Each structure stands twice: as structure tokens, then as C-alpha cells.
Amino acid sequence: MTGKFYGWPLAALSILLLAACQSEGPGAALEPAEEWEVHTGTDPHSFAEYEKVRVEHLRLDLDADMDAHVLSGHVTLELERLDPDHPRLVLDTRNLEIRDVTAPESGGNFRPLSWRLAEAHDDADLGSPLIIALPEGVETVRIDYASSPDAFGLQWLDGEQTSSGEPFMFSQSQPHYARTWVPLQDTPAVRYTFDATVRVPENLMAVMGAGGNAFERNDRGEYSFHMPQPVPSYLMAIAVGDLEFAEIGPRSGVYAEPQWIEAAAEEFDVLEEMIDIGVDLYGEYRWGRYDLLVLPPSFPFGGMENPRLSFVTPTIIAGDGSLLALVAHELAHSWSGNLVTNAAWRDLWLNEGFTVYFESRIMEALYGERIADMLAVLEWQDLKAELETARDGMASLVLDIDEQDPEKAFTGVPYAKGRFFLDWIEHRVGREAIDTFLRAYFDEFAFESITTNTFREYLRDNLVAKHSEALSMEEVDQWLYQPGLPEYAVAPESDAFERVDAWRERWLTGDVSTEELPGGEWSVHEWLHFLIGLEDSLDVERMAALDEAFELTGSGNYEILFQWLMRSIETRYEPGIERLETFLLNVGRNKFTRPLYSALADTDWGREWAIEVYERAKPGYHPLTRQASERALGLEG
Ligand code: BES
Ligand code: ZN
């Protein structure tokens, strides 16, 4: 390995690699690979040299082949040549078939550009940098390409795997999977606007996280989109399916397959009100519409904050609006994250921590303090447990993940510790002061990507300086850079949960019978707290008694059902295990599947069974769920 790689932090990066090229386009204008300096920008998870050349606008023209599971067509990138002498454009790709690279010229001609696709061997699955020679003055580059049928950032479902009986496809680009379906500068540090045209079979509809989503199918099978607000690549989102739309308010609605649409519209009927609350708290909603797209149950997450069109799992459709914190969360990202973005994944807390704080403020405004307190306690308990096993570099707000898969940034730490950091600031300076500060912060950095340091300086100058009697930068830095929770963190409390604790205690000691438990009056969150607190305290008889009194195996609330299934695994409670099998065969949401497989793998009876269930479930799982399940079951490698 002889390349010059200044400051590249990925130790495992034998990107040097560049010598070994997978494929090459015409022309010979590229320098010898060994002499390239790899980019040393703020984001170690992208090969793009975005300080030199920056994508400003992108035009996509794609065909979705629902049988072959391929997106193909071209992308045209409009570039800003920050350093006009910089001789190349480096894009992120992973598993893409690059067919042609050209520079559009006047008269409809295309000038071929010299390019090569390098092969990277790194631990973070960063893919293959596409290196394109940029002649002087060239500011537009067109890449003709196709995605691979097993593109990590896309899930393709055939008709027999969906509730409509029609095929479905959706993307999940965060954190670094946009590069598996578009060659681009795949880093949150770069924002661009875009246009897109997507062709699909006539009986299906395409939607994107963009403006221009149709309210009904057209018979041309062609859909066009326009995104006037600049967004980072991880927010690129597309879905194709048998979709219907139901309006909720003047700027909100929901898309879903026909079977879900009615229940979804009902479940999410507070959406418009939520947007109003967000606006009241932190200022103007700058994205035009806000719609939701209900995905098939294989969606690996609860929700994804794709701009203007959050993607959500159908497992939050509980029939009673009890799981809408997730919608509040994705909506909150319209400010924290989509408007002000972490420039690299180590600063994820700027996205997720702020969002959880904001989510809880929305929940409080909608449902009151009692519910918000319960949610806070659940989060606090999870965080405490997680911090016990997290290594130091993963227990501070700024994460030590530069040398790892950015996926690993998504632990409870940036989410919950970030939120409790903001709770602590609120506790010290008061609500009015933090709200004024946050509103100004979102204005100041709107449509920018920032680092923790930028935030830190802004906080110092605009909040700490004014409230130096209430908080100090030493304390702030402890939150940002030290592991664990500072002893002055403010633990949330919930009276309702304390009462549940007392009932649980008395039930376990036999003081009260199962029938005497006031479970019929409990909210979903009280039930969750009750069940979580029963970890490792149950046996089959007690499970059966609870089940008989409260029909937990038949619960239609997926959060409750999940906790119940965890208890069922611990106790090997047969009716629960039966339900677990259909659950695993239908649901691919990682928050549920990963711990379930992992708990099964830890038993002396369940691992083989779990592997057998997994093999049957696998064809319906998203690549991310497959990966996580295989890790949980010890199957990988
Ligand atoms: N941005 C995340 C989704 C995500 C998580 C993408 C991990 C890539 C990797 C989204 O905003 C989110 O946090 N969703 C949570 C729900 C939320 C209420 C905590 C989820 O999906 O569970
Ligand atoms: Zn989030």
C-alpha cells in the first residue's frame, strides 16, 4: 500500500485500495490511483471531497422494475466547483452498476468522462468510491446506473408479501444507504435540492420525500417530484406501491395500502394539531406539506423522518392513538435534524437528542404532563440500563464511531442522554429561556449541517453567557464529552408509575390477586411499566393468570405485546411462544425482532427454533432486519 492518505481515521481502511479498480470508463485522464489523497473532511463515512466540489442540485430519472427489483436510469448532478482546479469528483456508491458517465453539452450531446469505480475494503461497509475526472469548467455530470436487487437501502416486496397483493418497494437511506440506490455525496454535511421523475407499473404509485406527491394514481405510471429545500442524502426517500391517500388536515394526510388507509387516517387524526404545536414551540414549518406513509410491517424502524413524508411502521396503529409519540418524534425532526443537521454521525445527538426532547414537548402539549412524565421515566430507565454496558466512547453525547459502521451510532445514548441534557438545561434556565434559545437556534442554523462544536459555541454565547449563575460550560462539557450521566442530571418522576410499582410489588408477594389489579384502568404506558418491571420475576402460572385476566397474548398493541412476548420467552409460556412465531413471521421492526431473537438465542431451548423461524421469515425481512437478526442469533460470518 503506497497511497498518501492524510488524516484518514479509519484504521481498517485499506482504501488504499484505490489501486484495485472494479471497473473503468473510457478515457485515460485519471491519475494513477496510488497517488490520490483520500478526502479528509469532517465526515469519515463518505469518500466525497465535498470541500472541493459540492453537489448543489440533483435530477433523478428512474424506472422501477418491480419484478427484477431494480431501479435504473440516470442522475444528473449540478456541481459547485469550490476549488475550480480540483480535477475530479468522488461520489459514494455501494453495489451500483455504473453504466455511463458523461457531461451534458449544448445541442443535446454528451461528452464522455473518464471514471473508475474503486474497491474499498473497510469495516464500515462504505462501498466503492466512484472517481470521475472533471475537466476544467465542467459543472454538470450525468451518471447512468442501476441499483442491485439486493441494494441495502431498498426493500422490494412481491405481491404475496403485502396486504394489497401488489408489489411494494421502499427506501431507507439513513445513515449511509442512499449510496446503494443513487451515486451521490452520501454525507449529512452536504445539502442539495432535487427533482425526480419515476416510472412505475400503471397499477402502482410512486411517492418521495419531496414536493409533488400525487393524491391519486395516474394511468401513465409516471410521477414527478421537486424538492426546493436543500436536504442531505440520508433524507432521500422513495416508495412504490398500491397506495391510497387520505386527507387529515389542510397540509397533512396519510398514504397507505388500501387495507390500512381507513385505520391509519383515524389513528393519525391529530396530525394537523401536532404540526400547529410544533410551530408554536419552535417556529415556522418550512417544508410545505407533512404527510405520513404507512409501510408494510417489514419496515425495520418505527419511523423515518423523510422530509414532507415520514415513513412509519403499521405497528403503531393501535386503534386508540396510544403510540403517537412516534409520530410526534418524526414530525419534530422537521426542525431538529431535517432543518439543522448533524454534519457527521458522531454528532447524531444533535438530531436525535433534540428530537426526543421536542417530541416530549409535543406529547405534553397534546396529552398533558402525566403522559409525558411516564414516557420520560420509561426512557430514563432504558438509558440507565444501556449506560451500564456502553463503553466510554459510546456513553458521551459525542460518539466515538468514526472508525465504525455509522449504524452503530443509533443507540439510546444520543437519543435519551441528548434529551435529558436538554431537560437539564430547561431545569436550570427555565422553559421560557430554553424555548427562546431553541427557536433562535433553529433559525440561525436552518438548512445547515453543523458539528457539536458549532452548537457548543452557540450555546455558550447565547445561553450560558446570559445565565452563568444557572449553568456552566464545565457542566455542559461533561454532558458532551464524558461518559455516563452527570450526578446533577434531573431524573424524571411519575406518580402513576409509582402506583403501578406498588401494585406490582403487592401482586408478586401475593398480597393482591390478579383479579384485584386495576389493569383495566391502566394506560398503555402503565401497562408497559408494569410488564417491564416483571422481567425475570414470573413463572408460567403467573403468566397464565395475567393472560386470563387481561388477554395479553391477544393484545393489539404492539408495544405491550412485545413486552409480553419477552416475558413469554423468559418463562417459556406456550401460548406466548405460539403468538411469537406469527409475530416474527410478520413484523420486521428491529426494535422488536432483535431483542426477541436475542432472548431466544440465550435460552437453552429456543435458539434452534428461532433459527428455523428466522429462515422462514427471512424472505420478508428488510436487509437491515436480516443483518440484525443474524447477529442476534449468532449466525453471521
Ligand atoms: N431517524 C430515526 C430512524 C433511524 C434509526 C434510521 C436508526 C436509521 C437508523 C427515527 O427518527 C427514529 O428515531 N425512529 C425511532 C422512533 C422514535 C420514537 C425513537 C424508531 O424507529 O424506533
Ligand atoms: Zn429520530
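The values are calculated or read from the model by the stated rules, or taken from the named source; none is laboratory data. Remember, predicted model here, so these are calculated numbers, not experimental data. No Cβ is skipped: glycine too gets one built from the backbone with ideal geometry, and neighbour counts run over all protein chains shown. Ligands, DNA and RNA are excluded from the accessible area calculation, which covers all protein heavy atoms including side chains. Shrake-Rupley method; radii C 1.70, N 1.55, O 1.52, S 1.80 Å.
Observations
- Relative compactness, the range 246-290, computed as alpha-carbon Rg over 2.2 N^0.38 Å: 1.24
- Dipole of the chain, positive direction: furthest Cα of VAL524, LEU596, LEU295, with charges on the beta-carbon: LEU295
- Solvent-accessible surface (1.4 Å probe) assigned to LEU96 amounts to roughly 20 Å².
- Label sites at GLU581 and ASN462, each approximated as a point 7 angstrom past Cα along Cα to Cβ, lie 5.7 nm apart.
- Within the chain, helix-based [θ] at 222 nm, where runs of 4 or more DSSP H residues each add -39,500 (n - 2.57), nearest 500: -10000 deg cm²/dmol
- A probe of 1.4 angstrom, applied to the heavy atoms of all protein chains, finds TYR488 with accessible area near 50 square angstrom.
- Descending semi-axes in Å of the range 336-493, equivalent ellipsoid built from Cα gyration tensor: 21, 20, 16
- A simple charge model with +1 on the Cβ of Lys and Arg, -1 on the Cβ of Asp and Glu and nothing else charged puts the dipole of the chain at about 1300 debye relative to its Cα centre.
- VAL540 versus ARG499: modelled label distance in nm, points set 7 Å from Cα along the beta carbon direction: 3.6
- Accessible surface of the chain, 1.4 Å probe, proportion on carbon and sulfur as whole %: 44
- A probe of 1.4 angstrom, applied to the heavy atoms of all protein chains, finds ARG572 with accessible area near 120 square angstrom.
- Förster radius 30 Å - calculated FRET efficiency between GLU388 and GLU97 (Cβ-Cβ, nearest 0.05): 0.10
- Computed on protein heavy atoms with a 1.4 Å probe, the accessible areas place GLU49, GLU56, GLU78, GLU432 in the order GLU432, GLU56, GLU78, GLU49, largest first.
- Here's how it looks for ILE248: its modeled amide H is under 5 Å from those of GLY253, VAL254, which are all 5 or more places away or on a different chain.
- Cα-centre dipole for the range 357-485 with unit charges at Cβ (Lys and Arg positive, Asp and Glu negative), debye to 20: 300
- Dipole magnitude (debye, nearest 20) for the range 495-632, charges at Cβ of Lys, Arg, Asp, Glu: 900
- Across the protein chains, with a 1.4 Å probe defining accessible surface, the residues PHE583, PHE245 rank PHE245, PHE583 from largest area downward.
- For the chain, the Rg and Dmax computed from alpha carbons only, in angstrom: 25.1, 86
- For the range 57-172, the per residue solvent-accessible surface stands at 37 Å², with DNA, RNA and ligands left out and a 1.4 Å probe.
- Annotation for the range 548-578: chymotrypsin sites (Phe, Trp or Tyr not before Pro) lying in DSSP loop with at most 16 further Cβ atoms inside 10 Å of their Cβ do not exist.
- LYS618, LYS408, reordered so the largest accessible area comes first (probe 1.4 Å): LYS408, LYS618
- FRET efficiency, SER106 to GLU136 (Cβ-Cβ, R0 25 Å, nearest 0.05): 0.90
- Per residue, in Å², the accessible surface of the range 278-359 once ligands and nucleic acids are set aside, probe 1.4 Å: 15
- Candidate membrane-span-like segments in the chain, meaning DSSP H helices with Cα atoms spread over at least 27 Å of their own axis and a Kyte-Doolittle mean of -0.5 or above, are 369-389, with no membrane implied.
- Pairs of Lys residues in the chain, spaced 8 or more positions apart or belonging to different chains, with C-alpha separations under 19 angstrom: 8 in total.
- Most positive-pole-ward Cα, THR102, VAL327, GLY221, against dipole of the chain from beta carbon charges: THR102
- Accessible area expressed per residue, the range 495-632, with surrounding protein chains retained (probe 1.4 Å, Å²): 44
- R0 of 25 Å, Cβ-Cβ distance HIS226-ARG81: FRET efficiency to nearest 0.05: 0.50
- Extension gain, ASP144 to ALA549, is 139.7 nm, computed as 0.36 nm per intervening residue step minus the present C-alpha separation.
- Note on the range 209-316: Cα-only Rg and Dmax are 13.6, 42 Å.
- Neighbour cut-off at most 15 other Cβ (10 Å), DSSP loop, GluC sites (Glu not before Pro), the range 101-169: GLU105, GLU136, GLU139
- Extended-chain gain in nm, criterion 0.36 nm per residue less alpha-carbon gap, ARG439 and GLU469: 8.6 nm
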